[in-house]
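Undergrad: Before anything else, here's the structure in question.
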Amino acid sequence: MFYQMRIDTSGELTGVGIQIIKDNESDSLIIVTPIEGTPASKAGIKARDKIISIDNISTKGLKIEEAINLIRGKRGTKVNLGISRNGDIFYKSLLREKIEIKSVISKINNTKDGYLIGYIRIKQFNANASKEMKNTLVNFENKEVAGYVLDLRSNPGGLLESSIEISRQFIDKGI
């Protein structure tokens, strides 16, 4: 458990670049999203694909933690995923790589009045989040945004120090 938490908060892992959930009703492992630029996205893995096997081991009855442990592994090694999509079954052999988890996603939106509003989503307070946030804010300030929307929906938390460092980028004194 500690090892898993360390991976989750470090901002990087070795794997194929997918986020998965367990659908308890169907007992299926479902891909939420492939992370852009990773072996999974390059291989054409899509959101809502179902993983039916990992290295020829059926995922039926497999806990999500067990599946994650089978998918992750030593960098440079391969993992074979059996995928079900719209009733079709196919297999992908994916090379495990170092995956950097981007915790801050941002874009600039225009209002009807022509103001620029910076949208910032923080997916997790990991070791890289504060630096990513600072770079985003510098970029937005250079583009003279009028304000920000900070989106923390579905953020599971993470490192307290990271969240404090990010808060300090907006609040320079006080508790």
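Undergrad: Restricting to the range 103-113, name every residue that is open to solvent by 60 Å² or more (accessible area, probe 1.4 Å) and either touching a Lys or Arg at 6+ places or on another chain (Cβ under 8 Å) or of a type in the set (Val, Ile, Thr) (or both).
TA: Once the filter is applied, which keeps residues that are open to solvent by 60 Å² or more (accessible area, probe 1.4 Å) and either touching a Lys or Arg at 6+ places or on another chain (Cβ under 8 Å) or of a type in the set (Val, Ile, Thr) (or both), the range 103-113 yields only 105.
Undergrad: If residue 80 passes every condition in (1) farther than 30 Å from residue 170 by Cβ; (2) in contact with a helix residue (DSSP H, G or I) (Cβ under 7 Å, 6 or more places away or on another chain); (3) among the polar types (S, T, N, Q) but one, which one does it miss?
TA: Among (1) farther than 30 Å from residue 170 by Cβ; (2) in contact with a helix residue (DSSP H, G or I) (Cβ under 7 Å, 6 or more places away or on another chain); (3) among the polar types (S, T, N, Q), the lone unmet condition for residue 80 is (2).
Undergrad: Can I ask one more? May I ask you to list the residues in the range 122-152 that are within 25 Å of residue 99 (Cβ to Cβ), among the acidic types (Asp, Glu) and open to solvent by 60 Å² or more (accessible area, probe 1.4 Å)?
TA: Listed by number, the list is empty, since nothing qualifies.
Undergrad: Can you tell me which residue among 68, 30 is touching a strand residue (DSSP E or B) at 6+ places or on another chain (Cβ under 8 Å), in a strand (DSSP E or B), open to solvent by less than 60 Å² (accessible area, probe 1.4 Å) and among the aliphatic types (A, V, I, L, M)? Explain how you work it out, then say what you get.
TA: Details: 68 fails: in a strand (DSSP E or B).
Unique residue meeting the criteria: 30.
Undergrad: Would you please list the contacts, defined by Cβ atoms under 6 Å and residues six or more apart or on different chains, that run from a residue in the range 37-51 that is polar (S, T, N, Q) to a residue that is part of a loop (DSSP other than H, G, I, E, B)?
TA: 38/17
Undergrad: Report yes if some residue within the range 114-121 is surrounded by fewer than 18 Cβ atoms within 10 Å (Cβ to Cβ) and touching a helix residue (DSSP H, G or I) at 6+ places or on another chain (Cβ under 9 Å); otherwise report no. I'd like the intermediate steps shown before the answer.
TA: Going residue by residue through the range 114-121, those that are surrounded by fewer than 18 Cβ atoms within 10 Å (Cβ to Cβ) are 114-117, 119, 121.
Those still in the list that are touching a helix residue (DSSP H, G or I) at 6+ places or on another chain (Cβ under 9 Å) too: 116.
Yes, some residue in the range 114-121 is surrounded by fewer than 18 Cβ atoms within 10 Å (Cβ to Cβ) and touching a helix residue (DSSP H, G or I) at 6+ places or on another chain (Cβ under 9 Å).
Undergrad: For the range 41-52, give me the residue count where each residue is farther than 11 Å from residue 71 by Cβ and either outside any loop (DSSP other than H, G, I, E, B) or open to solvent by 80 Å² or more (accessible area, probe 1.4 Å) (or both). It would help to see each step written out before you state the result.
TA: Taking the range 41-52 first, the residues farther than 11 Å from residue 71 by Cβ are 41-50, 52.
Now restrict to residues that are either outside any loop (DSSP other than H, G, I, E, B) or open to solvent by 80 Å² or more (accessible area, probe 1.4 Å) (or both): 41-42, 46, 48, 50, 52.
Residues meeting the conditions: 6.
Undergrad: Scan the range 160-175 for residues that are open to solvent by less than 100 Å² (accessible area, probe 1.4 Å) and either more than 14 Å from residue 120 (Cα to Cα) or touching a Gly at 6+ places or on another chain (Cβ under 8 Å) (or both) and report the count. Full working, then the answer.
TA: Initially, the range 160-175 is screened for residues open to solvent by less than 100 Å² (accessible area, probe 1.4 Å), giving 162-167, 169-171, 174.
Adding the requirement that they be either more than 14 Å from residue 120 (Cα to Cα) or touching a Gly at 6+ places or on another chain (Cβ under 8 Å) (or both) leaves 162-165, 171, 174.
Selection size over the range 160-175: 6.
The values are calculated or read from the model by the stated rules, or taken from the named source; none is laboratory data. Fair warning: this is a prediction, and the values are worked out from it, not measured in the lab. Cβ coordinates were reconstructed from backbone atoms using ideal geometry, including for glycine residues, and neighbour counts include every protein chain displayed. SASA here: full protein model, heavy atoms, side chains in, ligands and nucleic acids out. Shrake-Rupley method; radii C 1.70, N 1.55, O 1.52, S 1.80 Å.
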